[in-house]
Structure formats: structure tokens, C-alpha cells
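Comments concern the structure below.
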Amino acid sequence: MIIQVKKPASSTRTRFLDAARYLFWEKGYAATGMAEILERAEANSGSFYHFFSSKEALLLAVLDGYLEGLEPVIVKPAFARHSDPIDRIFAILQGYRERLVETGCRYGCPLGRLALEIEAENLPAHNRIAANFGGWIAAVRGCLEAARDRFPPSLDLDALATFVLTTMEGGVLQSRSCRRLEPFDQSVAQLRNYFACLTGGRDTVPKPKKKGKQE
């Protein structure tokens, strides 16, 4: 006698989340249809509405998932590479560079894309996007705090952590648009120079390679 073992309900919900994460990144939220989500998740509409009341509810769950994954997916792997707090900041940025390389500069920060696309009136979504950005900034600020004795006493660490996020988002956006690593590398190189100035170090950062040559 063969006993049919049903997959746990949570696995179906996970498939919807995985499908939405991919499609929202690949096509955008507005351009992704429900039929595409169902097809990619290999599930029917009845299953979908068992877990989510609407496509927007799925979006909010995806954004919650990004926040939950920030520490294990983005921060911990970067921190595992280095013990120095400033090196850890640049290890986080290196992780985004690696994603650009792996995707031929097609990678775009999914949160950045959604922040631009989702209408400003959708406060539940934007509050979650802001929370994700806030968590990212907090991780960087923790590193800055750990290196506080290397910086000028009057330095605003919150503002600097925000600037690091701005550098990453802007570099990724430009590299994705022109399909070259050069804008991202230039942005990070200038950030390194700024850190060197703040900490009293010399500018020893090599100039970015010409023609956006990928390593």
C-alpha cells in the first residue's frame, strides 16, 4: 500500500513567496499578473486565497520576508569574512557587487525597485520598505559605532550609515542601467576614499578599470 504524503501547507505558501520575489524583481510589481504567480508557484487560485487576501497582501509578506532575511542573508555572510568593523561595511557592498557580476549587471536591489514603483499612497508597503532600509542602515551603523574611535568626534554616524546605503543603491542602479560594473566600482572607490579621509588614512584606492571591465 502506497501512502500519499501531502506537502505541508507552509511549503505552498513558501512557493508563493518565492514566486513573487522572483517575478517582482524580474518584471516589477505592477507588470506581474496573478496567472504568472500561480504558474510559477505551481498552485491554484484557491490555494493562493487560503494564504493571502490579495496580490498586495502577498507583496507585504514578501517585504516582511526581506526584513527577516536581512541578518542571515546579507549581514552575517559579509561579517563572517572580516572582523574589522570598517572592512565589514565594505564586505556588505562587495556582496552586491558579486550579485552584479553573477547576473551580468542585471541585478537590481529588489527593495530599491519596489520603492520607486509602488505608489506613494501605499503606506503599508512603503513603511515596510523603509523598515528594510532602516535595518540595513542599522547594521552599517553598528559597524561605525564599533570603529567610533577612528572617526572625528563630531561625525554623525547615522548620516554616514545612510550615505553608505545611498552609495550602494545608486551604484547598483547605474550599473544595472548601463550593464557595466564601472559605476558601482567608482561609487565604492569614492566611498573608500571618504572613509580614508575621515580616519586620517591616505588615499590608496586604485582607480576603477576603464570600459567597465568585469572581473
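The values are calculated or read from the model by the stated rules, or taken from the named source; none is laboratory data. Because the structure is a prediction, the values reported are computed rather than measured. We place every Cβ from the backbone using ideal geometry, glycine too, and count neighbours over all the protein chains shown.
Here are some notes:
- Test for L191: is it at pLDDT 95 or above and touching a Ser or Thr at 6+ places or on another chain (Cβ under 7 Å): yes
- Residue in region 168-181 that is farther than 22 Å from E26 by Cα, out of contact with any Asp or Glu (no Cβ under 9 Å at 6 or more places or on another chain) and crowded, with 17+ Cβ neighbours inside 10 Å present: no
- Matching entry among G112, G104 (being in contact (Cβ under 8 Å) with a residue 60 or more places away in the chain, in a loop (DSSP other than H, G, I, E, B) and closer than 22 Å to K27 by Cα): G104
- In region 136-157, the residues that are within 18 Å of Y194 (Cα to Cα) form Cβ pairs under 7 Å with partners that are at pLDDT below 95 and not in a helix (DSSP H, G or I), at six or more places apart or across chains, as follows: R150/T199; F151/T199.
- Any hit, region 37-48, residues being in a helix (DSSP H, G or I), more than 19 Å from L173 (Cα to Cα), at pLDDT 95 or above and aromatic (F, W, Y): yes
Results for (1) farther than 30 Å from R141 by Cβ; (2) surrounded by 12 or more Cβ atoms within 10 Å (Cβ to Cβ), shown as yes or no for each residue.
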position	(1), (2)
F24	no, yes
G28	yes, yes
K55	yes, yes
K76	no, no
